[in-house]
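The values are calculated or read from the model by the stated rules, or taken from the named source; none is laboratory data. Quick caveat, the model's predicted, so the values are computed rather than measured. So basically every Cβ, Gly included, is an ideal-geometry build from the backbone, and we count neighbours across all protein chains shown.
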Amino acid sequence: METLHAVFSIAGFGITRTVIVTWALMAVLTATSWLATRRLVLEPGAVQTVLEGVVGAIEDAIAQFLPDHARLLLPFVGTLWIFIAIANLLGILPTLSSPTADLATTVALAIIVFLSVHWYGIRSDGLRAYLAHYLAPNPIMLPFHIVSEISRTVALAVRLFGNVMSLEMAAMLILLVAGFLVPVPILMLHIVEGLVQAYIFGMLTLVYIAGGIHSRAARRNPEGENA
Amino acid sequence: MQVDMTTFVLQIVNFLVLVWLLKRFLYRPVLAVIARRRAAIDAALGEARDAEARARDLRAEYETKLANWATESADAHAHLAEELAAERERRIAQIDAAAAAEQERNASLHSRREAEMCHAAERDALEAAAGFAARLLERLSGPELDERLVTVALEDLATLSAEESGKLREAATHTDARIVLTTPRPLTGEQRDRLVAGLRSALGRDLPCDEQVQPRLLGGVRIAIGPWLLAASLQDELAYFRLGLTRAG
């Protein structure tokens, strides 16, 4: 795989293209955010309206599951959505590959989600109450809970990696076989699929965190697990 | 499907750093401006509510003032109506008093005019009566009437009061005192003697006697002694008659 080849090394650690693209993406997002939020006013222009719309939409989506924790979860879940969506779309550009087409990235994101679920759950209910829910409704359910935790984390990583990698590979194969402009419909599908996968990853993260928090809001929306 | 551990660890670090960066440069400023806008909107809504409350208070105050003004206007109207009624009554009373005074004055003037007219009519009637009596006496005058009037003069002379008798005697005491007998026609001897005898009796002495004839006396005799005068002629009686009528009128 191309992503396994290090472009350069730092202190003996090989820096792959995935990391370099990720750094570039981080730099662009940070610079854009800084430039766009330097002079925010009460009567917004077009750029500020788009920014407020994006942030507001993310906060509203979080508030539908966890009304009391929307502000707390906004940076984490919002960054997941923005990073994955843009990272998925980067594969469209020539000579670039999506960081999410690298299993190391999707596994890293899945591990972060796995840890964040426990972090927010313990922070909300306390360690004893949080661990007790693994024994509910019966201690026999503990192995199933553990398997569920592992399988959904693996599913998060593999689903995102598989979709993005397969789309890029399909576009490349069609380009090689059919020639210039033929893979355009596949690229259109790539855009849609990239946004959908980002949405699915973020919503599943939100559902997992809500389940871990065991808050009243999570209990009011048990169907969120099926999203 | 291989996972490069270095990439895996760096991607974890990269994502956490990106979370911090976006929280610092995107979420926090955008949420802050949204919060400021909401605060401004809440402040504007609060001001609008305050303004509405003030407007409601002002409206209530205005309506109260309107009600008070309406009450005061009604009171003032009623007071004005009372004043107008009182003024009308006063002026009607004044007009009635003036009309009554005018009526009384007219009645007084009318009665005075009537009295004057009656007096003028009486005066005319008396003038006519005096003229009629003068013409009648002028036709009845003659020696017989002279004789009768001389007799009346002697009777009056004999029945003088003590005061008149004193005045007669005092007039007769003057050194140049004379008796003047004025008649419309010459006296007869018998008439002269009777008059001289009567005067001597009244005066208690004799005085020289003169005689004068004046036809305008119509009849009778006029006896004058100095300032004392005894009128027993028709002319003097008619003059007394006119004078008495004039004083009576």
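For residues that are out of contact with any strand residue (DSSP E or B) (no Cβ under 7 Å at 6 or more places or on another chain) and more than 16 Å from residue A:97 (Cβ to Cβ), tally how many sit in segment A:8-25.
4
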Q) Restricting the search to segment A:12-44, which residues are outside any helix (DSSP H, G or I), without any contact (Cβ under 8 Å) to a residue 12 or more places away in the chain and facing chain B (nearest Cβ under 7 Å)? A) A:13, A:14, A:40, A:42
Q. Since residue A:88 meets every condition but one in (1) within 19 Å of the chain's Cα centre (by Cα); (2) surrounded by fewer than 22 Cβ atoms within 10 Å (Cβ to Cβ); (3) away from chain B (no Cβ under 14 Å); (4) polar (S, T, N, Q), which condition does it not meet?
A. (2)
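Considering segment A:142-153 alone, what residues qualify as being of a type in the set (A, V, I, L, M, F, W, C) and either farther than 17 Å from residue A:117 by Cβ or out of contact with any helix residue (DSSP H, G or I) (no Cβ under 7 Å at 6 or more places or on another chain) (or both)?
Step one: of segment A:142-153, the residues of a type in the set (A, V, I, L, M, F, W, C) are A:142, A:144, A:146-147, A:150.
Those that are of a type in the set (A, V, I, L, M, F, W, C) and either farther than 17 Å from residue A:117 by Cβ or out of contact with any helix residue (DSSP H, G or I) (no Cβ under 7 Å at 6 or more places or on another chain) (or both): A:144, A:146, A:147, A:150.
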Q: Within segment B:1-18, track down each residue that is more than 7 Å from chain A (Cβ to nearest Cβ) and not in a helix (DSSP H, G or I).
A: none
Q.
Would you confirm whether or not segment B:213-229 contains a residue that is in contact with a Lys or Arg (Cβ under 7 Å, 6 or more places away or on another chain), in contact (Cβ under 8 Å) with a residue 40 or more places away in the chain, under 15 Å from residue B:157 (Cα atoms) and surrounded by 13 or more Cβ atoms within 10 Å (Cβ to Cβ)?
A. yes
Q.
Regarding segment A:45-54, can at least one residue be identified that is touching a residue at least 12 places away in the same chain (Cβ under 8 Å), within 24 Å of residue B:39 (Cβ to Cβ), outside any helix (DSSP H, G or I) and within 7 Å of chain B (Cβ to nearest Cβ)?
A. no
Q. Regarding residue A:140, is this residue more than 13 Å from chain B (Cβ to nearest Cβ) and part of a helix (DSSP H, G or I)?
A. yes
Q. Do we find that residue A:123 is without any contact (Cβ under 8 Å) to a residue 24 or more places away in the chain and exposed (fewer than 14 other Cβ atoms within 10 Å of the Cβ) in this structure?
A. no
Q. Does residue A:116 satisfy being away from chain B (no Cβ under 13 Å), closer than 22 Å to residue B:16 by Cβ and either outside any helix (DSSP H, G or I) or hydroxyl-bearing (Ser, Thr, Tyr) (or both)?
A. no
Q: Find the residue count for segment A:95-113, including only residues that are assigned to a helix (DSSP H, G or I) and either of a type in the set (A, V, I, L, M) or in contact with a Gly (Cβ under 6 Å, 6 or more places away or on another chain) (or both).
A: 10
Q) Would you say residue A:68 is in contact with a Lys or Arg (Cβ under 9 Å, 6 or more places away or on another chain), assigned to a helix (DSSP H, G or I), of a type outside the set (Val, Ile, Thr) and away from every other protein chain (no Cβ under 11 Å)? A) yes
Q: Scan segment B:202-215 residue by residue and report those that are at pLDDT 85 or above and not in a strand (DSSP E or B).
A: B:208, B:214, B:215
